[in-house]
Each structure stands twice: as C-alpha cells, then as structure tokens.
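Okay, so here's the structure we're looking at.
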Amino acid sequence: MKHLDSIIRLGVVFAFFSLQPFTTFTQEREEVFGTNTGQLKITAIVADTVFRATTKELIVILNYQTAEFTLILDKADIITGNDSLNNLLDQRRGEKISFTGSMNLPYIKQEKHPPKDIEISGYLSTDKDKNEVLGEGRLEYLYNGRYASMLIMSFILDVNKMGINIHLPGLEDQIQVELTKAVLNSQ
C-alpha cells in the first residue's frame with residue numbers, strides 16, 4: 001500500500017510539473033525548489049567505444065530544510081545519438097526513472113554560501129526495480145535578483161549489482177551519470 005501511495009504521489013508530481021514551469025511551492029512549511037529543465041549526461045563503454053547520452057527534460061526537486069532531492073525522467077527523453085536506440089527508448093514513453101535521495105547535510109542554507117562538495121545517497125527506481133546509489137556532487141548558491149541554487153551531482157551505476165537489464169550488447173558494468181547545472185529557483 002505504501003508503494004502504491006508513492007507511485008501515485010510521483011505521478012501527481014510529474015503531471016503537475018509537465019503542465020507548468022516549476023519554481024517553488026510550500027509543502028507543510030518546507031521550502032521546495034526545483035526545475036523541469038535539468039539535464040543528465042550518461043557515459044558508458046559499449047564494445048570498447050565511449051557511449052554518451054543526454055536528457056531532453058529532467059525534473060529536479062530539492063527540499064532545502066531536509067537536503068533531500070528527487071530526479072524524475074521519462075525514458076523517452078533520453079537522447080543517445082543512435083537512431084535505433086532512440087526509437088527503442090521512444091517506445092518506452094511514460095516509463096519513469098526516478099532517483100530519490102539525500103545529501104550529507106542537515107539542511108541547505110537559504111542565504112549566500114560558498115560552493116559545497118556533497119555526498120549523496122538514495123535509490124534509483126523504475127517501475128520494476130529499486131536500487132541503492134551512492135555518489136558525490138556540488139551545491140552552489142546563485143543570486144541574480146532571485147534566490148537560486150545550482151546543483152551538480154555525479155554517481156556511478158554498477159549495472160551488474162543493480163540487476164538492470166539495459167539490452168545493450170557489449171555494455172561494461174559501470175555507467176557514469178552526471179546532473180549538470182540544474183538551476184533551482186525560488187520566487
């Protein structure tokens with residue numbers, strides 16, 4: 001039942017963000033910042049060749065009071081540079097991948113602060129799997145008339161340990177994932 005509630009909540013959040021630009025909202029007195037224009041870069045080795053993919057759209061949600069975050073993407077929003085693989089991913093439209101986790105901070109200051117190197121931990125989830133992920137990142141404070149933060153993260157997915165079947169012959173065990181310059185705004 002708890003799992004069903006989480007899926008419903010995730011669906012409501014995704015529907016909300018896909019209908020309008022995301023800035024900020026208050027949820028039980030917690031400041032939650034975000035964007036729907038984040039970008040992931042995915043790098044892997046396939047048959048001794050470097051393989052790169054990016055995302056068209058990525059929802060990033062960050063709770064400043066708890067230093068918890070959520071990343072949500074649709075599999076069809078992954079761009080690989082390979083038409084056949086892009087077509088396969090496009091057939092997966094509506095299938096979500098989410099990464100929900102926390103930083104090694106008790107909270108995030110809502111005032112000017114120097115860039116912070118952070119450790120992250122959480123769970124990467126699809127419709128069928130949920131796997132633990134550890135990584136590192138950087139949180140930078142920005143101010144240009146509005147308060148904002150820039151979140152940068154990177155982590156390595158070990159495909160074998162996670163039991164993920166990507167259906168890509170020659171794929172090596174590790175995939176590097178980077179969240180690049182997701183600017184999270186408040187109004």
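Since every read-out is calculated from the coordinates, none of them should be taken as a lab result. Keep in mind it's a predicted model, so treat the numbers as computed, not measured. Ideal geometry is used to build each Cβ from the backbone, glycine not excepted, and the neighbour counts take in all protein chains shown.
Observations
- Segment Thr37..Val50, full-extension length gain: 2.1 nm, with 0.36 nm per residue of separation and the alpha-carbon distance subtracted.
- Under the Debye formula (equal points on every Cα, no solvent term), log10 I(q)/I(0) of the range 72-150 at q = 0.13 Å⁻¹: -0.62
- For Lys128 and Asp90, the FRET efficiency from 1/(1 + (r/R0)^6), where r spans their Cβ atoms and R0 equals 22 Å, is about 0.70.
- Long pairs among Lys56/Lys109; Lys41/Lys96; Lys56/Lys130; Lys41/Lys116, criterion Cα-Cα beyond 27 Å: Lys56/Lys109
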